[in-house]
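Note sheet for the following structure.
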2 protein chains.
Amino acid sequence: MAEFRRDPVDGRWVIIATERRKRFVGFHTEPYPESGERCPFCAGNEALTPKEIFAFREPGSLKDGPGWRVRVIPNREPILKVETEFEREGVGAYDKISGLGAHEIIVECPEHSQAYSQLSLKNLTEIYLAYRERMIDLRKDQRLKYVLIFKNYGRTAGAMMDHPHSQLIALPILPKQINEELRGAKEYYQYKERCIFCDIVRQELEDRDRLVFENREFLVISPWAPIFPFELWVVPKAHRPAFAPSSDELVGLLAEAVKSTMVKLDQVLQHPHFNLILHSAPFGEENLEYYHWHLEIMPRLTQVAGFEYGSGFYINPVSPEEATSWLLRVEG
Amino acid sequence: MAEFRRDPVDGRWVIIATERRKRFVGFHTEPYPESGERCPFCAGNEALTPKEIFAFREPGSLKDGPGWRVRVIPNREPILKVETEFEREGVGAYDKISGLGAHEIIVECPEHSQAYSQLSLKNLTEIYLAYRERMIDLRKDQRLKYVLIFKNYGRTAGAMMDHPHSQLIALPILPKQINEELRGAKEYYQYKERCIFCDIVRQELEDRDRLVFENREFLVISPWAPIFPFELWVVPKAHRPAFAPSSDELVGLLAEAVKSTMVKLDQVLQHPHFNLILHSAPFGEENLEYYHWHLEIMPRLTQVAGFEYGSGFYINPVSPEEATSWLLRVEG
């Protein structure tokens, strides 16, 4: 059974999940799986997956059969399980928590090979609506504090399957990065009595040299201090702390912003591998004065990925202003 | 000119270094350079590098000629330069600092192809003595707060050159991870009036199931909450906050601990790519009651390296107790 362990020095929680070993051959990562007829995420192969949790389906189609457009299933080998007692335990100076949580897959389309930038606006909208539905549902479990939703696209970004999909991990604790964002944003608010994200929106609309896209509800910006070349943030213009309360219309405008951005990235960087991560206020804190939910998109171009893990120290060879000017040269 | 930029939300500083672009072809990392006769780090090719800063040399050999055993040189394309005015600047809600600092290469041996585990004890000792000399020297510049010393070995770990070398980056600010370790260790001390590292040493000597190596001065442990499989820490047993005051004898015993560990890792993991990072108290804080300098060794086996950057959330498929039991089965 997996467990959360807390580093006693820096406070970071790590999941120790020895069941994940199947991915490793002599402790090394397995080669990237070939695409093939037996992909469990392809339409027609629904019997190869656990029973579906949620789906957008054609009228008349049956659960766990074809006819779906977006389909959410439990991970076949979940890192965390809801059917777990929530137990905290001290081990001398150390702390651990049982592996309570959930681990789900959002299959983004029925077809095996689809570039993210080529998904239709309706398809993207339904993917994000599925995110919203799962958040609203998982929020009912009072033991869960956070839902981490992310997409790894391509091997360099950590994807193990070719078929377009996102992942969802529900947690009884806050991820370190979210904790730090909340702490930083709170300090800023205490000092200035303004939301840092509202200030970022104001400043980027004024400066414009890091502004990649704008619609009625969203900005896409190259952030001031990106850790990766061409890192992009999709940020709501209005003060919106949590993603789950989003209206259908807002989700549609989010899809528009992401689609435009991905079309641009694919042209400038020739279909980069990337990570996409949804950041949102924790469960029960949906009304924070000092935080905006947002999407972070991180193309994975640099191989510098070395000591950064251990030092938290990043070197980025492309300024956000320069990345922006490249992205503005192409259609999106 | 490079500059430090601070993320206004999480407070992390990033170096924006557009001069590093030479490493990128159309924004993608260049292929791994071939080893060859023209390696600037090989003995005999000293003229291909900037003038040496420090070296351990055979008697009678001349500066910037062959005869050295370990050689420290400025990076040919430094990210940071000492000849920079230290300037802080606000840009609306944002902050930046000029690219003040230093960027040096520690060439670890004259031969082009040498496994780290095969370097002699004397060679390793001189490498770490060179680290110490450079720290003592750079500490004189009052504008510098921290020296980050690290080794990237192999492409997966971010190395761009085959010839054995470490890197040194001197900074006017603290790296995020060091800041967090200091904060966490300080909180523990305020609560318990004990150093967390002293407590870790005590507990690992008692539990023994994460203890990989011990000599008079050092423990090598699999830490309680490792972010990577087979992550290892080399920790001084006595309370020693900073590396620079280390005696020659202590450095020799460090070399012994690292050599034994690398010999074991090479057997169990078949010569893994790895990062090695020296963590030490910042300049001017060499007497902290709550911190130990230590070395972190991170084999790079997992391809999960995806969303972890953005979420600070790590999944490790090998428990530290299991890693330890594998390492204890082989000689080292």
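No value in this document is a laboratory result; all are computed from the given coordinates. Fair warning: this is a prediction, and the values are worked out from it, not measured in the lab. As a convention, Cβ positions derive from the backbone with ideal geometry for all residues, glycine included, and neighbour counts pool all protein chains shown.
Taking the simple approach of a point 7 Å from Cα along Cα-to-Cβ for both A:Glu249 and B:Asp199, what is their distance in nm?
5.3
In whole Hz and in residue order, list the ³J(HN,Hα) couplings for segment A:218-229 that follow from phi through the Karplus curve 6.51 cos²θ - 1.76 cosθ + 1.60, θ = phi - 60°; x for Gly and Pro.
Using θ = phi - 60°, the values come out as 10, 10, 10, 10, 7, x, 3, 10, x, 7, 10, x Hz.
What list of ³J(HN,Hα) couplings, whole Hz, do you get for segment B:198-205 from phi and the Karplus terms 6.51, -1.76, 1.60, once you set θ to phi - 60° and write x for glycine and proline?
4, 5, 4, 4, 4, 5, 5, 5
Let me know the charge dipole size of chain A about its Cα centre in debye, to the nearest 20, where only the beta-carbon of Lys, Arg (+1) and Asp, Glu (-1) is charged.
Once rounded to the nearest 20, the dipole reads 440 debye.
For the protein assembly as shown, what's the radius of gyration and Dmax over Cα atoms, in angstrom?
Rg then Dmax for the protein assembly as shown, in Å: 25.0, 88.
State to the nearest 20 debye the size of the charge dipole of segment A:177-328 about its Cα centre, where the only charges are +1 on K and R beta carbons and -1 on D and E beta carbons.
I would put it at about 100 debye.
Between B:Ser113 and A:Glu321, how high is the FRET efficiency from 1/(1 + (r/R0)^6) when r is the Cβ-Cβ distance and R₀ = 45 Å? Nearest 0.05.
So the FRET efficiency works out to roughly 0.60.
At 1.002 mPa s and 20 °C, plugging the Kirkwood radius over alpha-carbon pairs of segment A:119-216 into Stokes-Einstein gives what diffusion coefficient in µm²/s?
After rounding, the answer is 128 µm²/s.
Considering only B:His294, B:Phe56, B:Thr84, whose Cα is most displaced toward the positive end of the charge dipole of chain B, charges sitting on Cβ of Lys, Arg (+1) and Asp, Glu (-1)?
Of B:His294, B:Phe56, B:Thr84, it is B:Thr84.
List the GluC sites (Glu not before Pro) in segment A:154-200 that DSSP assigns to loop (not H, G, I, E or B) and whose Cβ has at most 16 other Cβ atoms within 10 Å. Which are they?
A:Glu193
Taking the Cα of A:Leu121, stepping 7 Å toward and past its beta carbon, and measuring to each backbone N in segment A:256-270: which are under 15 Å?
Under 15 Å, as judged by backbone N against the label point of A:Leu121, lie A:256-263 of segment A:256-270.
List the cysteines in chain A whose Cβ has no other cysteine Cβ under 4.7 Å from it.
Here A:Cys109 come out as lacking a disulfide-compatible partner, given the Cβ-Cβ threshold of under 4.7 Å.
Over the Cα atoms of segment A:218-263, Rg to Rh with Kirkwood Rh, two decimal places?
On the Cα set of segment A:218-263, Rg over Rh gives 1.00.
Can you list the trypsin sites (Lys or Arg not before Pro) in segment A:37-140 that are in a DSSP coil and have 13 or fewer other beta carbons within 10 angstrom?
Of the trypsin sites (Lys or Arg not before Pro), the ones in loops of segment A:37-140 whose Cβ has at most 13 other Cβ atoms within 10 Å are A:Arg38, A:Lys51, A:Lys63, A:Arg76, A:Lys140.
Divide by every residue of the protein assembly as shown the summed helix terms, -39500 (n - 2.57) for each DSSP H run of at least 4, and state the resulting mean residue ellipticity at 222 nm, rounded to the nearest 500 deg cm²/dmol.
Here the helix-only value at 222 nm equals -8000 deg cm²/dmol.
For A:Tyr314, enumerate residues with amide H under 5 Å from its amide H, sequence gap 5+ or separate chain, H modeled in the peptide plane.
Answer set, sorted by chain and number: B:Ile15.
Step by step: find N for segment A:3-174, compute 2.2 N^0.38 Å, then divide the Cα radius of gyration by it. What's the final number?
This ratio for segment A:3-174 stands at 1.12.
Straight-line reach from B:Lys96: which lysines have Cα under 29 Å away, leaving out those fewer than 8 places along the same chain?
Within reach: A:Lys176, A:Lys186, A:Lys192, A:Lys237, A:Lys264, B:Lys22, B:Lys81, B:Lys140, B:Lys145, B:Lys151, B:Lys176, B:Lys186.
Arrange the following residues from fewest to most other Cβ atoms within 10 Å of their Cβ: A:Asp248, A:Asp7.
By the 10 Å Cβ count, ascending, the order reads A:Asp248, A:Asp7.
Could you give each residue of segment B:155-172 its phi-based ³J(HN,Hα) in whole Hz, using Karplus coefficients 6.51, -1.76, 1.60 with θ = phi - 60°, and x for Gly or Pro?
Values per residue, Gly and Pro as x: 4, 4, 8, x, 6, 10, 10, 7, 4, x, 7, 10, 10, 10, 10, 9, 10, x Hz.
Starting from the Cα coordinates of chain A, work out the convex hull volume and express it per residue in Å³.
Residue-normalised Cα hull volume stands at 154 Å³.
Starting from 0 in steps of 10 Å, tell me what percent of the Cα-Cα pairs of segment A:72-186 lands in each bin.
Result, from short to long distances: 12, 36, 33, 15, 3, 0 percent.
Which number do you get for Rg(Cα) / (2.2 N^0.38 Å) in segment B:177-328?
Its radius of gyration relative to the 2.2 N^0.38 Å reference: 1.04.
Skipping prolines and chain starts, which residues have an amide H placed within reach, meaning under 5 Å, of the one on B:Leu219, given they are 5 or more residues away or on another chain?
Under 5 Å from the amide H of B:Leu219 lie the amide H atoms of B:Val235, B:Lys237, each far enough along the sequence or on another chain.
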